[in-house]
Every structure is written in structure tokens, then in C-alpha cells.
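The values are calculated or read from the model by the stated rules, or taken from the named source; none is laboratory data. Since we're looking at a predicted model, the values are computed, not measured. When we count neighbours, we look across all protein chains shown, and the Cβ atoms used for this are built from the backbone with ideal geometry, even at glycine. For accessibility, only protein heavy atoms count, side chains too; no ligands or nucleic acids. Shrake-Rupley method; radii C 1.70, N 1.55, O 1.52, S 1.80 Å.
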Amino acid sequence: MLVAAAVCPPTPLVLLEMPDLRSACRTAIAALREARPDALIVVGGADTTGAYAGGAAGTLRPWGPDLAAGTGEPVLPLSLTVARLLMGEPAPDGFRSVAFDATAGECRELGEQLAEAGERVALLVMADGSACLSPRAPGRYDETAGPYNDGIAKAIAAGDASALAALDPGQADRLWVSGRAALQVLAGAAGTRAFGGRLLMATAPYGVGYFAGLWAA
């Protein structure tokens, strides 16, 4: 069953330009390890749903930075590569990508499967909020993006799985919330269990919502 989860942003910027956010993410990751899970699994959005071994490699070279982690040919998508670089050693027990356009039901089912990976499961969820939060954001500015993004932050802070499960995929797509599917995997893994939530940091310096949060049972 799920005993702990952390939410961190899947952007390379957390490794390159945001020391405070990076520190908050590493605090959350350290708390996952302190929960003594028998399975620590990383979940992040990608073009397709898939599974990767814990020792799988990823690189940021296609995006510019000469940073890599893991062994062998780089196979991890961007979100999971950022996670691998944030985590350092030891490596997680496995990685799971979830398609950006996965349905809420598909996300719930994947989360339920991951929660059954061990008696004590911890998830590192790589997910960001809306990319439409300012006129200079990657997506077109939308006045509804702020409240939507705030709702995600509040759900993380409250350990509220039901609020994440209720995120509307269509609205998330319109507001460029690429982390929606990964957050709904977290909701599926949490199920009806009660979690205490902590929002360690929420910021949007480039018009994209970034969060660092922690859930503990």
C-alpha cells in the first residue's frame, strides 16, 4: 500500500536555475526514503505509458544540458530523467511513465497497481501545474489558469486524493497542465486512505506552476 508520496516538477530548470525549489524537492525525496518503503517508484508524464527498470538511464542532452544518470542507453523520458537526476543514489526501484492523454480511469488503475507493488510503497510523482499563468507563459494566458493551479496546490497541501482524481482532463489540456495524468496516478494509488499533506513550495516564475510537496500516511 502507499505510505508516502512526493510531488516535484518535471522541468530541467529545477536542476539548473531554481536552488530553493531544488532544495524543497530533495527534502521531499529524503522524506520518501525515510519512510522505509520496500518499493520506491517514480511516476511522470510522457507521450506513452511504459515501465523502466530502476537502473535505467536518462539524459538532458536533447534539451541542451550535458547531464545524464543511470546506466546503459538513455531511455527515460524527460520527466523521469529529471527525477533520476534529482534523486541521485540510490536509484529507485522502478520508473513508470503515464501518457499525457491517459484517461482518469486509466490513471486510477495504474495508481492502484503501483500501490500493490509492496507492503510499503512510496511514489515520487513528477508533475507540474498550468503553463498559462502569465502573458509570458509557454501557453496562452488564461484567467482561469490561476484558480485551477491553486486548486492543485491546495490538494497537494491537504493530501486530498479526491480533488486530484476530480481534475478534468479536458480543462487540464486546455490550460496546459501536463502533470494532470501523473497527479491522477497518485490519486489512484492513494485511494481512500488518509494522508497528511505538506506543500513545501509553490512557484511560477515563468508562468508555469511548479510544486514541491509531500504526503505521509
- Query: Restricting attention to segment 75-111, which residues are within 21 Å of Ala161 (Cβ to Cβ) and of a type in the set (Lys, Arg)?
  - Reply: Arg96, Arg108
- Item | Within segment 162-217, tally of residues that are assigned to a helix (DSSP H, G or I) and of a type in the set (D, E, K, R) | 3
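When you look at Ala145, is it in contact (Cβ under 8 Å) with a residue 24 or more places away in the chain, open to solvent by less than 30 Å² (accessible area, probe 1.4 Å) and more than 25 Å from Pro74 (Cα to Cα), yes or no? Before you say what the answer is, go through the steps one by one.
Values: in contact (Cβ under 8 Å) with a residue 24 or more places away in the chain: yes; open to solvent by less than 30 Å² (accessible area, probe 1.4 Å): yes; more than 25 Å from Pro74 (Cα to Cα): yes.
Spelling it out, Ala145 is indeed in contact (Cβ under 8 Å) with a residue 24 or more places away in the chain, open to solvent by less than 30 Å² (accessible area, probe 1.4 Å) and more than 25 Å from Pro74 (Cα to Cα).
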- Message: It is to be established whether one or more residues within segment 51-63 are open to solvent by 60 Å² or more (accessible area, probe 1.4 Å), within 23 Å of Phe211 (Cα to Cα) and modelled with pLDDT under 95.
- Response: yes
- Item | In segment 70-90, residue farthest from Gly179 (Cα to Cα) [restricted to those that are over 14 Å from the mean Cα position of the chain (by Cα) and surrounded by 22 or more Cβ atoms within 10 Å (Cβ to Cβ)] | Gly70
- Task: Could you figure out which of (1) charged (D, E, K, R); (2) part of a loop (DSSP other than H, G, I, E, B); (3) modelled with pLDDT of 95 or more isn't true of Asp66?
- Result: (3)
- Message: Being open to solvent by less than 40 Å² (accessible area, probe 1.4 Å) and over 17 Å from the mean Cα position of the chain (by Cα) is the filter here; which residues of segment 19-41 pass it?
- Response: Ala35, Pro37
- Scan of segment 171-217 for residues that are in contact with a strand residue (DSSP E or B) (Cβ under 9 Å, 6 or more places away or on another chain) and over 23 Å from Arg26 (Cα atoms), ordered by number: Gly191, Arg193
- Query: Of everything in segment 153-190 that's under 20 Å from Leu2 (Cα atoms) and of a type in the set (Val, Ile, Thr), which residue is surrounded by the fewest Cβ atoms within 10 Å (Cβ to Cβ)?
  - Reply: Ile156
- Query: Of all residues in segment 1-37, which are touching a Phe, Trp or Tyr at 6+ places or on another chain (Cβ under 7 Å) and more than 13 Å from Leu85 (Cα to Cα)?
  - Reply: Ala4, Ala5, Val7, Leu21
- Query: So, of the residues in segment 91-122 that are under 19 Å from Ala31 (Cβ atoms) and of a type outside the set (A, V, I, L, M), which turns out to be surrounded by the fewest Cβ atoms within 10 Å (Cβ to Cβ)?
  - Reply: Glu119
